[in-house]
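The values are calculated or read from the model by the stated rules, or taken from the named source; none is laboratory data. The structure presented is a predicted model; accordingly, all values stated were derived computationally and were not measured. Cβ atoms come from the backbone with ideal geometry, glycine included; neighbour counts cover every protein chain shown.
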Amino acid sequence: MEGTETDAVSMQAYIESLDTKTLPRILQVCSGVYFQGSVYEVSGSEVCLSTGDMVKIIGTNLLSANTEDISTKETSELPLNYKGMFKMVLEDMPYFSVEEMVELLPVDLKSFHPISFISCHCLEVKGRVVEAGQVLTLMGPRTLVDEMPSVRCQIEGHRGPSSEIFIPLSCRGKFYEHDSGHTYNLEQILSSPRLCTRYFRDIKTTKCGGPLKITPIYQVQAIMSMRKDVVTFPSSLEVDVVDVTEKSQSVKFVTPLSLAEVMAKPPERFPAMAEVVEGPSVPSLFKSPWVENLQKGQRLLLHSCCDSPMVLASTLKSKKAQQHFLVAQNYGGRLRRRPREFAAVYELCGALQQAPNLSVTASRHCEALEEGLDSLSAGDQLDILRNQMVEVQGNEGELQKVEVLVCRRLSEADEDDDEEDEDDGEDESEHELLLPMYLEGHFVERIKDKKKYSLANLLKQFPLPLDVKVATKDVAVRCDPLSDHPGLQLKETVIEPVVLASLASKPGECFQLPSRWLSMALYLTGDPLPWREGQAPKMQCETVMELTEAFYHEFLTQAGSADVLPPPLPPKRITESKTSHQRSESLSTQLDQLTLSNEKKPKKSLPPPPVILEDPPPVLERKPISPASTQPNMYVQTPKKPLKQSKRGSDSDHDYESPNEFLKNAAESVMFY
């Protein structure tokens, strides 16, 4: 079926008359009508063919049947397994020759019951006469009899079949179809193009209705330009098409590819030229400058595909917003280790689990309020040893288990103690400090290494996470974004499948397209490379990709990374204000008891008010601290403010009384009066 727009037919008519042995066929859409108001896809099927589209038909499958009532114009769809039977409606128009009747009647002698007809006139064939009104049945296809095209017919008598006769196709007369009472199922009707042109009645339908037009609906498989997969659509689409197979042999149907599909191509396909069909989603997941160039129509040069080992890195926390990067391990800069900072003891525990032999310096005083646990002063140097569970005395005197971090203090005093311990044979565990996990402070890692490392060597020698600083930037790239930051934390290593690409206008400036994260479509154009054979330019590949904040967290979730969780909150501790309040209540209770115990004694007159002297009375001597009192921490001396000199006398050590002395003086005063 070749032609121009004047020869256009509906898609339904074309598919019905299509001989599948001639596939594939190329069609051009002359007029496009949207199906069910949808422009794109419904249930995975293509439902829109726009004017001018080129379609390559590669296959058809019978899908269902559409029935239309001629009188009411009502339509319905029947499945292929419909069990009803249909009877063909006879034509009222006569045929004027046997040849015309054979050409137009739906005769298929191999599959169906033969067609019957009658003649309005007597027929005389080779001396035999067929009377008018006698029923004739076509029994076979056309054949040659005495070099004349003829058909074999059976003459039905009043008592059944009587004889056969060969009637020439050139025999003329007036012939009408005869009702033979034969019925057809849906499969028989749909498989015959001639039967599909006739009208039928459903013999099981009780309601009165007009003749039915039964049309087969096919599912068409086709290839379209800029479509990734084979598209499917029903043949009932209201579009007009024209067959342009012979005129469009040079037409290329472009198949767009995702980056993952590009990576599946064999290595010998690269380098290759490509064009962007659909750019990455907006907003982009990357902040690198090459992302802005990945627009529709942009020509790219694809160099190769590989699995690139990378490192996830972030800038250190500061007043500025954090930045996150994916750094290729072939990064050309040089890095120095940078001391890590920790804000609590539990962070030290997490770092110890990832890498042993951790040493830190406490830059702030840390006080542990529980008895049996140690405190720290600013400047203390510690070797972190292990974490364990210990029993400490709670606020109410009960023992409770607390997770602590065991450390060793490094100082001159401890070194002297270590020498004495070696002489005395004492256990070294006396110098171990027990720091509760909840203890907050500020710790800085002790690092004496000033060596410059490449990123690959750094990852081989030290575990992650690791804090570093760029000592020498990567001179192989145009702009190194890592050199602008005072410090970076290398979090973890990943393997990312990437496509090495560059702009066609700048073939030497290469960048990496991560196939797992960039959702874009392109196609290989087959154009020649932008350089002469054997004169490929030297490539400079960007090794750093900046990530957006939202994508960074999504990347961690997809990679299964998780930060070290803090330990559970410690038991509630009694604050100093609460302790003072309890002491005040206890003192008030003791005074009340002393007062009540003396109410039974005879009352005496109160003494006259005391005379205020210019010189204050001497202060009672302070009693020594009882042995049962808590000993101060032998390792830490909490800094104290110097006491102001007493105004009452220069020979006084202090200007306050202990609670015990206050109670004793109060009791003696009451007893005296």
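Per the listing K469, K506, K460, K491, the residue uniquely under 30 Å from V360 (Cα atoms), in the same structural domain as P271 (by TED's automatic domain parsing) and without any contact (Cβ under 8 Å) to a residue 24 or more places away in the chain is K460. In the range 320-341, the count of residues that are in the same structural domain as T472 (by TED's automatic domain parsing), outside any strand (DSSP E or B) and free of Cβ contacts under 8 Å to residues at least 12 places away in the same chain is one or more.
Any chance the range 421-431 includes a residue that's at pLDDT 80 or above and assigned to a loop (DSSP other than H, G, I, E, B)?
Our first condition is that a residue be at pLDDT 80 or above; within the range 421-431, this holds for none.
No: the range 421-431 contains no residue that is at pLDDT 80 or above and assigned to a loop (DSSP other than H, G, I, E, B).
Can you find a residue in the range 123-142 that is at pLDDT below 85, under 60 Å from the mean Cα position of the chain (by Cα), hydrophobic (A, V, I, L, M, F, W, C) and in a loop (DSSP other than H, G, I, E, B)? Within the range 123-142 (the criterion being at pLDDT below 85, under 60 Å from the mean Cα position of the chain (by Cα), hydrophobic (A, V, I, L, M, F, W, C) and in a loop (DSSP other than H, G, I, E, B)), the answer is no, since none of the residues qualifies.
The condition (being of a type in the set (S, T, Y), under 19 Å from E496 (Cβ atoms) and in contact with a His (Cβ under 9 Å, 6 or more places away or on another chain)) is satisfied by just one residue among S314, S284: S314. Evaluate the following for V276: is it part of a strand (DSSP E or B) and out of contact with any Ser or Thr (no Cβ under 8 Å at 6 or more places or on another chain)? Considered against the rule, which asks whether it is part of a strand (DSSP E or B) and out of contact with any Ser or Thr (no Cβ under 8 Å at 6 or more places or on another chain), V276 comes out as yes. For the range 181-223, what are the residues that are surrounded by fewer than 16 Cβ atoms within 10 Å (Cβ to Cβ) and of a type in the set (G, A, S)? Residues satisfying the conditions are G181, S191, G209, G210.
Among the residues examined, A264 qualifies as in the same structural domain as R478 (by TED's automatic domain parsing), out of contact with any Pro (no Cβ under 8 Å at 6 or more places or on another chain) and among the small types (G, A, S). Restricting the range 311-327 to residues that are crowded, with 20+ Cβ neighbours inside 10 Å and either out of contact with any Phe, Trp or Tyr (no Cβ under 6 Å at 6 or more places or on another chain) or of a type in the set (S, T, Y) (or both) leaves a set whose member that is farthest from H553 (Cα to Cα) is V327. Taking the range 290-310 as the range and being of a type in the set (A, V, I, L, M, F, W, C) and either surrounded by 18 or more Cβ atoms within 10 Å (Cβ to Cβ) or outside any strand (DSSP E or B) (or both) as the test, the residues that pass are W290, V291, L294, L300, L301, L302, C305, M310. For the range 305-321, does any single residue satisfy the condition of being acidic (D, E) and modelled with pLDDT under 85? Looking for residues that are acidic (D, E) and modelled with pLDDT under 85, one finds none in the range 305-321, hence no. Against the list (1) farther than 30 Å from V231 by Cα; (2) buried (at least 18 other Cβ atoms within 10 Å of the Cβ); (3) modelled with pLDDT of 85 or more, the condition K56 fails is (1).
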